[in-house]
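The values are calculated or read from the model by the stated rules, or taken from the named source; none is laboratory data. Please read these numbers as outputs of a predicted model, since none were measured by experiment. Counting neighbours? That spans all protein chains shown, and the Cβs are built from the backbone with ideal geometry, glycine included.
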Amino acid sequence: MATSRTRTGFSTYLFFLLALVPVCSVMVYPVGKTFYLSFTDSEGITAPNFIGFTNYIAFINEPVLRATLTNVLIWTIATLVLPVSLGLGIAYIVSGVRGSAVYRLIFLLPYVLSGVAVGTLWFNVFETNGLLNRFMQFLGFEGFTTSWLLYYPQNTFAMIIASTWAGTGLVVVLFTIGIQSVPAQTVEAAKLDGANAWALFWQIVWPQLRYIRAVVIGTALANSLRTFDIVWVMTGGGPARSSETLAVTMYRESFLLNRYGMGSAVAVFLMILVAGVSFFALRNGIKKEQTL
Amino acid sequence: MKKDTWRRHTFLVLLSLGWLFPLYLLVLNAFANLDRWDADFDWRFKGWEPMENIKIAWEAATLTPGLKSNAFYGILGAGLSVIFASFAAFAIVALNPRFKQTWFWVIYGVNLVPYQMLLLPLFESFASTGLYDTRWGLLLVYIGVAVPFAFFLSRNHMLSIPHELLEAAKLDGANKFKIYSRIFFPLSLPALGAAFLFQFTWIWNDLVFGLTLTTSEEIRPLMSTLSTLVGMYGNTPMPIILSANFIASMPTAILFIIGQRLFVAGLRAGS
């Protein structure tokens, strides 16, 4: 070990304390409570009874689960391909170009809108009598109009477009932070050696983005697995639950049907899924820390 | 080099236009003349009445208390969570504590929870502790939810601070608090600034926690007020709903316009 271990004294714990108090009271306790509720038949009014794994078994046997998991998978892959790769591409192409701040701002502007505002906007674009279809008719392309939000899987793809529009700016900014921390001398040296933009990216910039990449991919994975706002506003998970994601299932069970026990079981399932995926995605970034 | 720059600009301009188009639709429809409006979201010009629509929206949605509350939640919530998170990140990166991985996952791990899952237990515990419908209660929730990502972001940025700086400071006999305030805090300012902006925006746009944990007008955050008073599918005309959303998004938009310059400048100075 290269570093001498400083005494893990009281003052070290003091640095953790201020972060731990709000995190534990707001998040750790409710998560524990949800675990407990997932093994009960809680419906809010009467005292919950312990029913073992009944909720989990019922959830796994639901015929719609397969469609829901497929949606979650589509969202996850699409998020990695679209906002993440596109955002990285934009961040790299923008860097060093005249007016880069203006370009970055343009991509970032949708991010400042609330989820409801984004959902409302795109709902009005994609609904059957929405802007997109009327615009197609206006141009004379009647054949291309369709009920975007009423059929699977095009409803999920429509929502992915909306979410990409809203989320790419964040990725651009995060990668810009990473790209700008690449030492200018290194870039100059590589340029003098005759490296083109492509080689410069893969050989100089990409390795330097290691830590920020973990941030971006880690957040993107977690956020896509628990996609909620846009689906809730644009389709409500329908029609016939075809565009539902796990977070929507959980919300519907808990807050529309008042089946808290079942909702909690879905929540626990989703949490384990997110934790598992994130752990594998982040493992490398964390291991490297220890060789520091 | 010249040809390369041209290609970059062409690509970026086209993509930017694609990105701006939905915003153009938003503004065009928000500020359309209410008399010429015929229920359909449109790409064509239907009059331009920004002041009139903003005035109607402001009164219909009673935006003033919500804006005041949001300033409180946003500034304190994002500010405190970023500072708390940077302490914890510093401890993990520089102090080399025992159980480093455990500390990391305890603080970051809860960030993987779907937030809707917190609503019911929080509602119950808030009702029983008297935190329900209080400013400080909701602020605590925002800090708790905002700390993990701010922690993750600042930790990863602090990892890129050269270790020699830390070793040199230790040799000079600087204590932990000095190492934090003289080295790690100033050097990670760009990342902390970015974390502040993201968490401020998240808190500013929060809908569900506000709806679930508050009820009175002067406590309730902006987006929750907006959703109950305007009602997405109520009788309020679409331009007024869009105008209200436009006003509600202005503070974060301005913050990003200023903030982007700040943290990009901060990075230049650092490199």
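Things to note:
- Pairs meeting the criteria (first residue in the stretch B:123-149 and within 26 Å of A:Phe16 (Cβ to Cβ) and facing chain A (nearest Cβ under 8 Å), second residue crowded, with 19+ Cβ neighbours inside 10 Å and of a type in the set (S, T, N, Q), beta carbons under 6 Å, at least 6 apart or on different chains) are B:Ile143/B:Ser81; B:Val147/B:Ser81; B:Pro148/B:Asn111; B:Phe149/B:Asn111.
- Taking the criterion of being assigned to a loop (DSSP other than H, G, I, E, B), more than 8 Å from chain A (Cβ to nearest Cβ) and either of a type in the set (S, T, N, Q) or without any contact (Cβ under 8 Å) to a residue 12 or more places away in the chain (or both), the residues of the stretch B:202-227 that qualify are B:Thr214, B:Thr215, B:Ser216.
- Test result for B:Ala169, assigned by TED's automatic domain parsing to the domain that holds B:Phe90, surrounded by fewer than 20 Cβ atoms within 10 Å (Cβ to Cβ) and farther than 14 Å from B:Phe87 by Cβ: yes
- Test: B:Ala244 is modelled with pLDDT of 85 or more, surrounded by 20 or more Cβ atoms within 10 Å (Cβ to Cβ) and in contact with a Ser or Thr (Cβ under 8 Å, 6 or more places away or on another chain): no
- Test: residue in the stretch B:64-85 that is of a type outside the set (S, T, N, Q) and outside any helix (DSSP H, G or I): no
- Here A:Ile177 clears all of (1) farther than 27 Å from B:Ser16 by Cβ; (2) at the interface with chain B (Cβ under 8 Å from one of its Cβ atoms) except the condition numbered (1).
- B:Leu119 vs. criteria farther than 22 Å from B:Ile83 by Cβ and within 11 Å of chain A (Cβ to nearest Cβ): yes
- Counting only helices (runs of 4 or more DSSP H) that sit completely within the stretch A:184-292, those holding 2 or more residues that are basic (Lys, Arg) correspond to A:210-225, A:260-290.
- Every residue from the stretch A:182-237 that is among the polar types (S, T, N, Q), more than 18 Å from the chain's Cα centre (by Cα) and facing another protein chain (nearest Cβ under 9 Å): A:Asn196, A:Gln208
- The stretch A:110-160, subset aliphatic (A, V, I, L, M) and closer than 22 Å to A:Ala240 by Cβ, residue surrounded by the most Cβ atoms within 10 Å (Cβ to Cβ): A:Met159
- When B:Ser188, B:Ser181 are screened for being touching a residue at least 60 places away in the same chain (Cβ under 8 Å), more than 30 Å from B:Trp58 (Cα to Cα) and more than 8 Å from chain A (Cβ to nearest Cβ), only B:Ser188 passes.
Rundown of residues vs (1) of a type in the set (Ser, Thr, Tyr); (2) at pLDDT 95 or above, yes/no style:
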{"site": "B:Lys2", "(1), (2)": "no, no"}
{"site": "B:Leu26", "(1), (2)": "no, no"}
{"site": "B:Ala32", "(1), (2)": "no, no"}
{"site": "B:Ile54", "(1), (2)": "no, no"}
{"site": "B:Thr64", "(1), (2)": "yes, no"}
{"site": "B:Val82", "(1), (2)": "no, yes"}
{"site": "B:Asn96", "(1), (2)": "no, no"}
{"site": "B:Thr102", "(1), (2)": "yes, no"}
{"site": "B:Val106", "(1), (2)": "no, no"}
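- Which numbered condition B:Pro114 fails, given (1) within 29 Å of A:Tyr36 (Cα to Cα); (2) in a helix (DSSP H, G or I); (3) within 10 Å of another protein chain (Cβ to nearest Cβ): (2)
- Check on B:Phe126, closer than 30 Å to B:Pro65 by Cα, of a type in the set (A, V, I, L, M, F, W, C) and assigned to a helix (DSSP H, G or I): yes
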